[in-house]
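Q: One structure follows; several queries about it will come next.
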Amino acid sequence: MSGHNKWSTIKHKKGAADAKRGKVFSRVSKEIIMAAKEGGPDPDLNARLRSAVAAAKAANMPNDNIERAIKKGAGGGDGVAMESLSYEGYAAGGVAVIVNCLSDNRNRTAADIRSFFNKYNCNLGASGSVSWKFHRKAKFVVEGEAANEEKLFEILVDGGVDVEDITVEDDVAEILAAPEAFSDVFTALEKAGITATESSMALIPENMTTINDINTARSVQKFIDVLEDYDDAQEVYTDMEISDEVAEQLAAEEE
């Protein structure tokens, strides 16, 4: 998910708890699968995969898990053919949602996604119904001491990278660049000794849909959490931006 607001930062702060529930391994594993599927299984020839593997190792993911994810993305593993599927529609408050899946059974996945949309009173749309609101970008997340806007900008400019945006909040930096710049961004960070905690080809909304009602925010967030926990879901994107007031209320509930 993408969003430049307090709730986005709060979600990052929940990293330790997510790790206990296996969410970090799941997220990194899915990025490895997508990277291997789109760019091949050789990290030396696939910068996106190399970056995802580095993030997995930084999260202490076992090598066996990494290898299984690479094999699944490259060929499905055990001869199983994997298919990329995409679903889109609207959640409460007019929030646009896109769910990209990797599945060995198109009918099962379609039925499951439709069930999720119906259960949470969301509207599943036709292909293209909301995707026009998003642009594909190379996205990197850097955390900790390395999340310094000036330093990151200097590193990337010196590396000849044309960066579109760098935002930093509470020691979490988000770097956005054109899709074709993914390899250049990764290489520049790698040379500087910086490992991105997240790296992907993400869908970034051109404009955000602001939610000012806490009940709507809760409803949409619950729906998104269910989608992100679904085994076939690889990526979930929305244009939701929660107002500062509502974000603070949600943060209080998390404490």
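Read-outs: derived from the displayed coordinates by stated rules, not from any lab. Not measured: the values here are computed from a predicted model. Using ideal geometry, Cβ is built from the backbone for each residue, glycine included, and neighbour counts are taken over all protein chains shown.
Q: Say R0 is 41 Å: what FRET efficiency, to the nearest 0.05, do ALA58 and ASN123 get from their beta-carbon distance?
A: Details: r = 39 Å, r/R0 = 0.94.
Here the calculated transfer efficiency is 0.60.
Q: What distance in nm separates the two pseudo spin-label positions at ASN207 and ALA111, each 7 Å out from Cα along the beta-carbon direction?
A: 3.9 nm
Q: Residues with beta-carbon under 14 Å from that of ALA110, excluding ALA110: net charge, scoring Lys, Arg +1 and Asp, Glu -1?
A: Summing Lys/Arg as +1 and Asp/Glu as -1 gives -2.
Q: So how much slack lies between GLU169 and ILE214, counting 0.36 nm per residue of separation and subtracting their Cα-Cα distance, in nm?
A: Length gained between GLU169 and ILE214: 13.9 nm.
Q: Continuing with the same structure: Suppose the chain between LYS23 and ASN65 were pulled fully straight at 0.36 nm per residue; how much longer would it get relative to their current alpha carbon spacing?
A: Contour length minus Cα-Cα distance gives 13.7 nm.
Q: Would you please give the FRET efficiency between GLN249 and LYS191, computed as 1/(1 + (r/R0)^6) with r the Cβ-Cβ distance and R0 = 45 Å, to the nearest 0.05?
A: Computed FRET efficiency for GLN249 and LYS191: 0.60.
Q: If packing is taken as the mean number of other Cβ atoms within 10 Å per residue, what is the order of 50-56, 168-174, 120-126, highest first?
A: 50-56, 168-174, 120-126
Q: Among ILE70, ILE166, ILE98, determine the one that fluctuates most according to a GNM of the chain built with springs between C-alpha atoms less than 10 Å apart.
A: Per the Cα network of the chain with a 10 Å cutoff, ILE166 tops the list.
Q: Where is the GNM fluctuation largest for the chain (alpha-carbon springs, 10 angstrom cutoff): GLY93, GLY75, GLY160?
A: GLY160
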